[in-house]
Each structure stands twice: as C-alpha cells, then as structure tokens.
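Notes to accompany the following structure.
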Amino acid sequence: MKVSAKWLSRYLDIRIGEEELCEALTSIGLEVEGIEHLGTARQKTLVVGEIREIRQHPNAEKLSVCTVCVGSNDIRQIVCGAKNFKLNDHVPVALPGTILPGGFKINKSNLRGIDSDGMMCSGKELGLGEDHSGLLILERSTPVGTYLHDAIDVNWDTIFDLSLTANRGDCLSHIGIARDLATKLNTTLKPPQIHGIEVSERERPQGHFLEKISIETDNCGYYSAICIKNIKIGDSPDWMKRDLAAVGVRSISNAVDIGNWVMMETGQPVHVFDAKKIRGNQLIIRQAKDGETIISLDGQKRILNGDMVVICDMERPLVVAGITGSIDAEVDGNTTDILIESAYFNPDNIRRSAKTLNISTESSYRFSRDIDKANIANHGMRVANLMAEICGGEVVAACWKVDNLREKTIVIDFQPSLIEELCGFAIPIEIAENILTKLGFLIEKSNGKNWKMTVPAHRPDITCTPDIVSECLRIYGTDKIPTTPTKCTGIQHESDRSAVFCQNVSNYLAGQGFFECYNFALRSGNEIENLFGENAALSMRNPFNADQSCYRNSLIPGLLDAVKFNIQNGNSDIKFFETGHVVLRIGEKFNECLAIGCVMPTKPLERSWQSIKAADFYDVKALILPILKNFSQRLSQFNPIKISNIWQPEHAACCGFLNHEKFQATCGFLSGELTKAFDIKQYVLAAEIVIHPTIFSRKLEKISHKPFSQFPRISKDLSLIVKLYEPAANVEDKVMKAAQKSISNDVFIESIKVFDVYQGKEIPDGTKNIGLTINYRSNGRTLVDSEIQAAFNAMQSEVEKSYEIRKQS
C-alpha cells in the first residue's frame with residue numbers, strides 16, 4: 001500500500017520529519033518497507049531568478065550566456081542551452097549545492113571556457129512533469145529571490161510503501177492511516193466535509209435514472225446508486241493526477257479518476273456507469289451463470305462461473321461485482337450522465353472470484369479485506385460531491401440504497417484493569433480512553449470498573465478484550481514497556497534426563513545395526529481411527545492437508561513408511577528405529593508421551609549362501625529388555641496380545657501400564673493386514689516403548705552391589721503340569737514365593753530358571769510340562785543337603801495348591 005505524506009497532511013497536522021514519521025508508522029503496526037521521494041525538496045538554494053542579459057556563447061552555437069538576478073544585489077552568470085526564454089523572464093534557478101530529483105547535485109562549472117554559477121531549470125528537472133523542451137517560465141509577478149517552494153507548488157512529496165497485515169483493511173486508505181497516525185501523534189483527525197444527499201431506502205427516488213434495483217444474492221449486502229447528469233468528461237485537475245500518480249494509479253479521465261481517488265482516500269471501491277448504456281433502466285445483482293462471459297475493461301474476454309456475482313442490466317452483465325467493470329457500460333468521451341455505485345460484497349466471495357479469474361485489482365484487494373460498512377453511502381456521496389465540483393455535473397435525485405446487511409454492532413464488556421493484567425504494566429486509564437476514542441470506539445461507562453465498548457464498523461477484526469488491549473498497547477508504544485530484569489534458568493542437554501535417555505537409546509540401537517529415522521509427527525486422521533478406534537486422534541483445527549491432520553499415536557506407521565520406501569528402492573538394510581513424541585488418550589485427556597520404536601525383518605532381504613536363523617519374538621524382546629531396565633530392575637511379565645489392529649494376536653506381547661508404571665512396552669510380529677496395507681510382503685518384527693514424561697521426575701533407583709557368595713549352591717529340579725497357555729513368568733513367580741517361605745533367614749534363592757517345556761506323550765491335553773531349576777545359596781556357610789531337601793519339600797507342598805507336580809518315573 002503506497003501512502004502519500006502530502007495526501008495524509010490533508011487530514012491531520014504532521015509536525016514531525018520524515019524519519020520520525022516513518023518510525024511512528026512502523027511502531028503502530030504499519031510497517032514501512034520503502035520510501036520514495038517525488039519532486040524537489042525544499043532548499044534555500046532553489047530560488048526564483050530574473051534574466052537580465054542574454055548573449056551568445058563565444059565557443060558554442062547552441063549555448064547562451066545569461067546574467068540572472070537571484071536576489072538583492074545577487075547577480076549570477078549562468079550558461080544555458082534552452083531557447084524558449086527572453087529578457088526579463090522569471091525562471092527557477094538552482095544555485096550551487098542544490099540537489100535535484102535523482103540525486104543530481106548542482107556545482108559551479110566551466111562550459112566551453114565560460115564559468116556557470118548554477119542552472120536554470122525545466123519542469124522535468126524539478127520533477128513537475130515530463131516537459132523538458134525548455135525552461136519553466138514563471139509569472140513575472142513572482143518575486144525575484146524568493147524560495148521556489150514559496151512561489152509555486154513544487155509537488156514535493158514522500159511516498160511510504162507500507163506492508164499491512166490481512167486484518168487491517170481499514171488502513172487501505174489515506175483516512176484510515178491518518179486516523180491511526182492522528183491517534184499516535186495525539187492530534188486531531190480532519191475528515192473531509194461531505195455535502196449530504198438525501199437517501200431513499202428501497203423505494204425509487206423521484207427522477208432517478210433507474211426504475212428498479214434488485215438484489216438476488218446473499219453475497220451483496222448493500223447497494224447504493226447516485227445519479228448525476230450533464231457532466232463534462234475531460235482531464236482531471238493537476239492535483240488529482242499527481243495524487244493518483246504518487247500512489248501508482250494511472251489517470252484516465254476526470255470521472256474515472258474521481259472514483260479511484262475516493263477509493264484511495266476512504267478505502268471504499270466505487271464503480272461509475274455510463275447511465276445511458278444501462279439497458280432497461282434496471283440493475284440486477286445476482287450470481288453469474290456458468291459459462292456467462294464479459295469483456296472486462298482491459299479488453300479480455302472473461303468466462304464466469306456460478307460462484308461469482310455480477311451486476312446486470314435487463315440484457316447482459318455489466319460488472320463482475322467488486323472486481324472489474326466491462327466495456328459495455330464504460331465511461332467514455334461521449335458520456336454525459338453517470339450512475340455512481342457504492343456497495344458491499346462478501347469478502348470471501350470476492351477473494352475466490354478474483355483468484356478464479358486471475359485478476360487482482362485495487363477494488364478486489366479492498367473488498368476481500370472488508371470495508372467500512374457504516375459509511376458506504378457517505379463515500380458514494382463524496383464521489384458525487386467531487387463530480388459536481390470537477391465535472392460540472394448535477395445530482396438529479398436522492399441516493400437510492402438497498403440495505404440487506406444483517407451484521408450486528410460488536411459491543412464488548414471491558415474492564416480497564418485488564419490492560420495492566422494482560423500487558424504486564426500499567427497504561428494510564430485516561431490515556432487508554434483517549435486512544436480508544438480517537439480510534440473510533442464508543443465508550444459507555446457503567447461504573448468506574450466496567451466499560452461497554454462499541455467497536456467501530458471499520459474494525460471488524462476487533463472481537464474481544466485482548467484485541468482492545470492490543471490496540472491500546474499498539475498506539476501507546478511498545479517502546480514504553482518498562483525494562484525489568486528477567487531470570488531464566490537454562491537447561492543443558494546433559495541436564496535433561498529424557499534427552500540423555502533418548503541419546504543413550506539411540507546409541508544402543510545404532511550399535512545393534514539399526515538406522516535412525518526422523519518422520520513427520522502428523523498422520524492421517526483416517527489411519528489413526530482405523531488403527532486405534534474413534535476419539536483416539538488429536539486433530540488440528542486448520543491442517544495443511546488431510547494426510548497430516550492429526551498428531552500421531554504411534555511411531556510404527558511412520559517406520560513402516562520408511563520400510564516400504566527402502567524396499568521399493570532396492571535397499572536391503574531395513575532395520576529402523578525412531579525416538580519421538582506421540583499423543584495418547586489416557587482417561588479423558590490427551591497426554592504427550594515419549595516413544596521409542598523399531599522395526600526389522602525376520603530375515604535379511606539379500607540372498608546369501610549361508611543359512612541364517614530367522615528372527616522371532618524373543619529376539620526383539622531381548623533387544624528392548626536393556627532399555628526397560630532403565631525403569632525397573634524387576635519387570636512385570638509380558639502378556640500376549642489378544643486383539644490389535646497393529647500387532648499380530650498371540651504373536652506379540654506387552655509389558656507395563658502407562659497409568660501405573662508410567663511406561664508400556666510392546667513387541668512381536670506386526671499384523672499381516674497392516675504390513676499388507678503398506679505393500680510389505682515380508683513378516684516384520686517391531687517393538688515400541690511408550691513412556692509418560694513424569695517417569696523422568698522419579699528418583700533414580702539405587703543399585704547396590706553385593707559380594708559373590710564363596711560357598712557352593714545346591715540345585716533342585718521341579719517339573720510341573722500347567723495349563724497350556726499359562727505364561728512361564730506366572731509359574732516362576734508362584735514358585736519363587738513358595739520357595740522363599742520355606743527357607744531360613746541365612747539362605748536365599750539365587751535364581752529360578754525354566755530349563756524345559758514339553759507337550760506330548762503322558763502330558764494331558766490342554767496342558768504342558770514346565771521344568772524349573774531352583775538354586776539355593778548362602779553367603780555365610782555351606783548348605784546341607786538334608787536342610788535344602790526339607791525346604792524343597794515344603795516348597796512343593798505350597799506349589800501343589802496351584803499346580804500338579806509331575807513325579808519322575
């Protein structure tokens with residue numbers, strides 16, 4: 001958005017320099033990206049001179065040597081190449097030291113042997129136009145020696161190129177920026193005076209050019225039309241041309257330029273119709289028909305669709321609403337009667353339509369960011385006032401408006417004390433009140449503690465208390481935030497137990513031949529629902545795409561993506577692991593947990609002459625046991641998984657519970673259906689450990705080391721008949737409890753190990769035989785066999801309560 005400092009000065013007194021103005025704009029959120037200078041800056045060396053003598057240059061036919069008076073008793077000799085001047089003409093003179101547009105500095109010089117003490121200037125050299133055929137001749141009444149800026153309008157201006165955020169549609173105008181700037185500088189905003197025109201709502205005003213205005217779409221909330229007759233189309237005034245050129249708008253004709261100028265002034269796009277080209281004297285605002293066409297003002301044929309809004313007469317579309325007009329109702333040199341449209345269109349619809357048509361206009365840019373709904377008709381009247389003044393036209397009827405806007409005024413209950421609470425420092429209440437009032441808020445004080453704030457129509461982005469506080473802080477100045485010492489304790493990587501743990505796990509798995517992966521933390525919502533069930537996914541409000549809409553519940557799908565990719569690309573090393581975060585629902589809440597996952601094939605993918613044993617459940621279990629020892633020296637047993645969409649039932653097991661032990665480990669074969677869905681034809685083993693972050697706040701278990709016993713042990717074997725699916729760990733636990741009850745205090749059970757599992761002959765159906773070795777030892781003496789036999793017999797009596805003891809034949 002280009003903004004003219006000279007244009008802004010019409011609406012407020014700017015008593016600060018360019019640098020301070022730039023800082024003020026940036027400090028209130030209107031970031032200045034660039035500065036451009038137009039015309040010639042005010043300089044003491046740029047004055048009005050009078051030509052007192054003209055003589056031919058002795059060494060150059062095309063040059064003249066002039067004697068020029070530039071002030072009382074100040075006579076200069078200047079060599080000049082122009083021919084359009086004569087004796088006693090008054091002309092602009094740039095004395096040595098003057099800097100002209102483009103950075104051209106005037107110095108004393110010698111031209112073909114004659115000294116020249118300055119330069120007489122053309123209009124182009126001063127930045128006053130494109131004419132450089134000769135000197136700029138001034139009125140002879142212009143006082144000699146006066147500063148040129150005091151004698152004529154030199155059109156000096158500073159153009160600020162502003163970068164605006166999408167919510168600041170109100171600042172796509174000079175008045176909008178002036179409003180913010182006047183509030184920042186604590187000066188008075190001077191909006192233009194608008195000569196009101198009578199307004200008729202819905203009923204046709206007498207004498208109006210139109211017989212009917214019909215709104216047939218919800219995408220047009222407001223439409224007003226003003227008629228002016230007997231205008232004269234011609235060039236715009238110089239001041240208007242310069243204003244438009246300063247902000248990058250091309251001058252076309254006075255009628256068109258006025259509409260563009262008012263848009264740049266107020267932010268309200270308007271459209272000017274040639275009234276005599278409106279067939280049937282009716283305007284219909286409706287949705288376009290698919291395939292309907294229009295020839296836009298740039299001469300291109302535009303094909304419309306049903307999502308776009310058009311403004312039509314009785315026979316054809318004349319305007320793509322809010323975006324571009326057509327040549328069918330264009331104002332041209334023969335136009336005498338015009339219709340001024342000032343309207344409101346749905347911003348989302350304008351944005352979509354402009355993108356579809358691949359058109360970006362000043363009008364669509366403003367409509368798509370919303371406009372001031374409270375002053376739509378007033379801005380149309382502003383156009384009508386200028387038309388009457390500049391084009392000589394006459395308003396022939398009341399402004400006819402159709403208002404279907406259903407938006408309510410935004411009223412916010414506001415407590416001034418929240419300013420300090422949200423900002424962290426106090427802004428004086430009287431200053432905050434002054435800021436908000438100047439910005440257009442209406443304040444109703446119900447008591448000293450509460451205000452009812454009516455949000456101005458030009459700020460639809462203000463919807464809640466923090467927005468109001470933000471406005472106060474923006475204008476008051478973030479540079480006034482008091483400096484306070486801040487204490488921040490940094491955590492080094494080595495001091496974070498979870499980070500150290502992950503690093504150690506990564507080093508361990510890499511040492512076992514695994515490659516580390518880094519996958520995206522977002523997965524498809526459908527995938528998570530299929531694998532974990534409904535309500536398992538933590539979804540994003542505004543995802544980039546459907547495949548990355550939810551936070552992952554497991555590392556396994558991402559690792560399978562890596563397996564699939566590497567198989568497709570002929571890589572044989574597909575042992576992968578990843579450490580990262582997952583989100584799981586524990587009870588009613590989602591919890592972010594640390595996870596470790598790994599996958600591996602049962603056999604290498606490359607063929608080999610050697611016979612290599614296939615990996616199985618016990619291999620992957622052995623892989624993760626050293627990791628689990630970080631959380632507990634005595635792990636609970638691994639229980640077979642019965643139902644799962646990820647793991648193969650009865651071929652995978654889990655250990656631990658997140659609710660109680662704060663970790664859960666699962667390992668074994670992945671589901672065949674899952675690997676098939678990833679187009680993986682091999683069996684895949686995997687393991688995943690999920691760790692609740694609170695586990696790292698626990699005190700570390702102290703591991704005490706004891707000396708080895710120097711006395712021999714005594715071993716006893718025990719054979720038990722147990723149910724077929726009874727886990728061996730359950731049997732070991734019961735035998736251990738029974739054995740510990742049967743021994744004296746100076747004896748301990750060194751270990752209980754399974755040495756045999758048998759099914760078949762002599763073993764009843766539905767059962768199995770488990771052989772266990774119980775090792776007894778003492779730290780202080782040699783055990784006596786009779787003593788241990790007695791303890792063993794007592795232990796068997798206890799075990800027989802749960803299992804059948806198989807006697808040796």
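What the table shows:
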quantity	calculated
Flag if Thr187 is assigned to a loop (DSSP other than H, G, I, E, B), surrounded by 15 or more Cβ atoms within 10 Å (Cβ to Cβ) and polar (S, T, N, Q)	yes
Boolean, Ile75 is touching a Ser or Thr at 6+ places or on another chain (Cβ under 7 Å) and open to solvent by 40 Å² or more (accessible area, probe 1.4 Å)	yes
Matching residues in region 337-352 - criterion: being in a strand (DSSP E or B) and of a type outside the set (D, E, K, R)	Ile338, Leu339, Ile340, Ser342, Ala343, Tyr344, Phe345
Condition met for Glu211 (under 42 Å from the mean Cα position of the chain (by Cα), open to solvent by 10 Å² or more (accessible area, probe 1.4 Å) and either among the hydrophobic types (A, V, I, L, M, F, W, C) or at pLDDT below 95 (or both))	no
Residue tally, condition at negative phi, surrounded by 13 or more Cβ atoms within 10 Å (Cβ to Cβ) and either over 40 Å from the mean Cα position of the chain (by Cα) or modelled with pLDDT under 90 (or both), over region 640-662	11
Counted residues, region 754-809 - those being of a type in the set (D, E, K, R), loosely packed, with under 15 Cβ neighbours inside 10 Å and either part of a helix (DSSP H, G or I) or at positive phi (or both)	2
Members of region 118-152 found to be open to solvent by 80 Å² or more (accessible area, probe 1.4 Å) and part of a loop (DSSP other than H, G, I, E, B), listed by number	Glu130, Asp131, His132, Ser133, Glu139, Arg140, Ser141
Leading residue by the ranking (nearest to Arg781 (Cα to Cα)) among those in region 733-753 that are open to solvent by 100 Å² or more (accessible area, probe 1.4 Å) and not charged (D, E, K, R)	Asn745
Subset tally (residues that are out of contact with any Cys (no Cβ under 9 Å at 6 or more places or on another chain), assigned to a strand (DSSP E or B) and aliphatic (A, V, I, L, M)) for region 313-336	1
Evaluation of Lys277 against (1) surrounded by 14 or more Cβ atoms within 10 Å (Cβ to Cβ); (2) closer than 30 Å to Gly176 by Cβ (one fails), failing number	(2)
Count of residues meeting criterion [modelled with pLDDT of 90 or more and either among the hydrophobic types (A, V, I, L, M, F, W, C) or more than 49 Å from the chain's Cα centre (by Cα) (or both)] in region 619-631	6
Residues of region 363-380 classified as open to solvent by less than 10 Å² (accessible area, probe 1.4 Å) and over 20 Å from Leu164 (Cα atoms), total	2
Residue count for region 288-312, restricted to those that are more than 20 Å from Pro269 (Cα to Cα) and either touching a Gly at 6+ places or on another chain (Cβ under 8 Å) or in a loop (DSSP other than H, G, I, E, B) (or both)	12
Qualifying residue in region 778-788 (condition: under 23 Å from Leu635 (Cβ atoms) and either in contact with an Asp or Glu (Cβ under 7 Å, 6 or more places away or on another chain) or modelled with pLDDT of 95 or more (or both))	no
Among residues of region 93-117, those that are free of Cβ contacts under 8 Å to residues at least 60 places away in the same chain and either within 56 Å of the chain's Cα centre (by Cα) or assigned to a loop (DSSP other than H, G, I, E, B) (or both), counted	16
Residue within region 697-717 that is of a type outside the set (Lys, Arg), without any contact (Cβ under 8 Å) to a residue 12 or more places away in the chain, over 30 Å from Phe663 (Cβ atoms) and open to solvent by less than 70 Å² (accessible area, probe 1.4 Å) present	no
Residue tally, condition more than 27 Å from Phe345 (Cα to Cα) and out of contact with any strand residue (DSSP E or B) (no Cβ under 8 Å at 6 or more places or on another chain), over region 182-240	18
Residue satisfying condition, being under 16 Å from Val690 (Cβ atoms) and open to solvent by 70 Å² or more (accessible area, probe 1.4 Å), within set Phe565, Phe532, Phe577	Phe532
Breaking point among (1) under 13 Å from Val48 (Cα atoms); (2) surrounded by fewer than 20 Cβ atoms within 10 Å (Cβ to Cβ); (3) touching a strand residue (DSSP E or B) at 6+ places or on another chain (Cβ under 6 Å), for His90	(2)
Scan of region 332-362 for residues that are charged (D, E, K, R), more than 24 Å from His174 (Cβ to Cβ) and either open to solvent by less than 20 Å² (accessible area, probe 1.4 Å) or out of contact with any Asp or Glu (no Cβ under 8 Å at 6 or more places or on another chain) (or both), ordered by number	Asp348, Lys355
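The values are calculated or read from the model by the stated rules, or taken from the named source; none is laboratory data. The shown structure was predicted, so the numbers you read here are calculated from the model rather than taken from an experiment. Counting neighbours? That spans all protein chains shown, and the Cβs are built from the backbone with ideal geometry, glycine included. Keep in mind that these areas ignore ligands, DNA and RNA; they rest on the heavy atoms of the full protein, side chains included. Shrake-Rupley method; radii C 1.70, N 1.55, O 1.52, S 1.80 Å.
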